[in-house]
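The values are calculated or read from the model by the stated rules, or taken from the named source; none is laboratory data. What you see is a predicted model; the values in this text were computed from it and never measured. Note that we place each Cβ from the backbone using ideal geometry, even for glycine, and neighbour counts take in every protein chain shown. We work out accessible area using only protein heavy atoms, side chains counted, and drop any ligands, DNA or RNA first. Shrake-Rupley method; radii C 1.70, N 1.55, O 1.52, S 1.80 Å.
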Amino acid sequence: MIHKVFRQKLKNSVKGAKNGNMIQKFIPLDEGMIIMDEAILKAKKIIEGYPETKFSGEEYQRFYECVYYMCTYHGSNEKTMQLYEKFRNSLEESIFSTVLPNLINKQGENLLREFVVVWSNYKLMARWLCRFFEYLDRFFIPQRIELESLNDISFSCFREMVFKKLYCRFIEAALTLINQEREGLYIDSVLLKNVLDIFVEISDPRGVNYYQDFEQILLTEISGYYSRVASEWLLHDSLAEYVRKVSWCLNREKQRAHQYLHPETEAKILQAVRYHLLDQIAIKLMEKRQAENSGLMTDYQEILSKCAGMSLQEGSSPSSPEEWLSKLMASSAHIC
């Protein structure tokens, strides 16, 4: 709100200058850079662990005004370009001196927890700096299509210097938490959701979608996991116990997806689980049924029907109980 009020005041002052009522200020380059160093130094306190850092209306006016007059006093764009580079350099220096040291030696859940905090503080710091340098976004950058906006710079700096560098470790830590929960351990699902939300937020609209990359890796892990357990359960469990476990797994994966994954991921996970636990081994399930000399109307038919009734994406295997059981019957015809 402060910066909106000040912009209106400055706009009125500019109108006065055009009418001869005000003389535009001349701010030498060295003096202006010292003033902006002061703004940057205070903003960096946010990334250093003081997110409560605030700027008064007077401070905002002083810093915004400094950039404005440095850009408008001369017809040359030399100073304006130097301010543009100063904005970028201030972000890169903050990342190099503070962000990376806070992350580089951490592992697992501690890494993810620090990552969420650092990203939140970094965005807050960048938001203040974008306000101070806003004149560049409004009048300088639009004239040069090769230049990124201030907000795009803040994202690209973090993406290139931090996220890409540690992306594999973020994925490893996130998958470890998911696997721990699958094995029955308690995890911080809110933390995991926050991390995956950052994957979406930081993705480059013109490049890599980091959440989709993570999703593909997750689906591959899930496929491998359930292929292994399917073999183990077929060997050691009765058919009734097998389908009870399938039902439990599908329900747990559905709950898990609701907690921290994006909605479109849920159907893909359920499809993968059901494929490896049911569809892929339909003939083996029928063989097991025949070996146990059980008819279709057993106490596990209801459980099996519930498994088959899970809502999946279009194009997946049959989803109604009748369709799925018909598929099993068709498979059994090749055995008899």
Check: the stretch 88-234 dipole with +1 on Lys, Arg Cβ and -1 on Asp, Glu Cβ, in debye:
320 debye
In nm, give the distance between the simple-model label positions of E85 and T220, each being 7 Å from the Cα along the Cα-to-Cβ direction.
4.2 nm
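By how many nm would the segment from E146 to F96 grow when fully extended, if each residue of separation counts as 0.36 nm and the alpha-carbon distance is taken off? Don't skip to the end; give the middle numbers.
Numbers: separation 50, 0.36 × 50 = 18.00 nm, distance 2.51 nm.
Here the answer is 15.5 nm.
Given a 1.4 Å probe and every protein chain left where it sits, what share in percent of the accessible area of the stretch 94-245 is carbon and sulfur? Please list the in-between numbers first.
Details: 3690 of 7200 Å².
Exposed carbon and sulfur together represent 51 percent of the surface.
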So which aspartates and glutamates pass the test for K25, namely a Cα distance under 12 Å, with those fewer than 8 places away in the same chain ruled out?
E65
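Give me the extension gain from W248 to L41: residue separation times 0.36 nm, minus the current Cα-Cα distance, reported in nm with one decimal. Mind showing how you got there, number by number?
On the way: separation 207, 0.36 × 207 = 74.52 nm, distance 5.44 nm.
Stretched fully, the W248-L41 segment lengthens by 69.1 nm.
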Can you list which of the trypsin sites (Lys or Arg not before Pro) found in the stretch 165-212 are DSSP loop residues with at most 15 other C-beta atoms within 10 Å?
R206
FRET efficiency, K288 to R113 (Cβ-Cβ, R0 41 Å, nearest 0.05):
0.35
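Please give the contour-minus-distance gain from L175 to T72: 0.36 nm per residue of separation, less the Cα-Cα distance, rounded to one decimal in nm.
Numbers: separation 103, 0.36 × 103 = 37.08 nm, distance 5.17 nm.
Computed gain between L175 and T72 is 31.9 nm.
Counting heavy atoms of the protein chains only and a 1.4 Å probe, report the per residue accessible area for the stretch 165-258 as a whole number of Å². Could the numbers behind the result be given before it?
Working: 4630 Å² over 94 residues.
That works out to 49 Å² for each residue.
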Counting other Cβ atoms within 10 Å of each Cβ, which chymotrypsin sites (Phe, Trp or Tyr not before Pro) in the stretch 50-155 have at most 16 and sit in a DSSP loop?
Y73
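With charges set only on the Cβ (+1 for Lys and Arg, -1 for Asp and Glu), what does the dipole of the stretch 203-286 come to about its Cα centre, in debye to the nearest 20? Write out the running numbers ahead of the final one.
Working: 10 positive and 11 negative charges, 46 e Å.
The calculation lands at about 220 debye.
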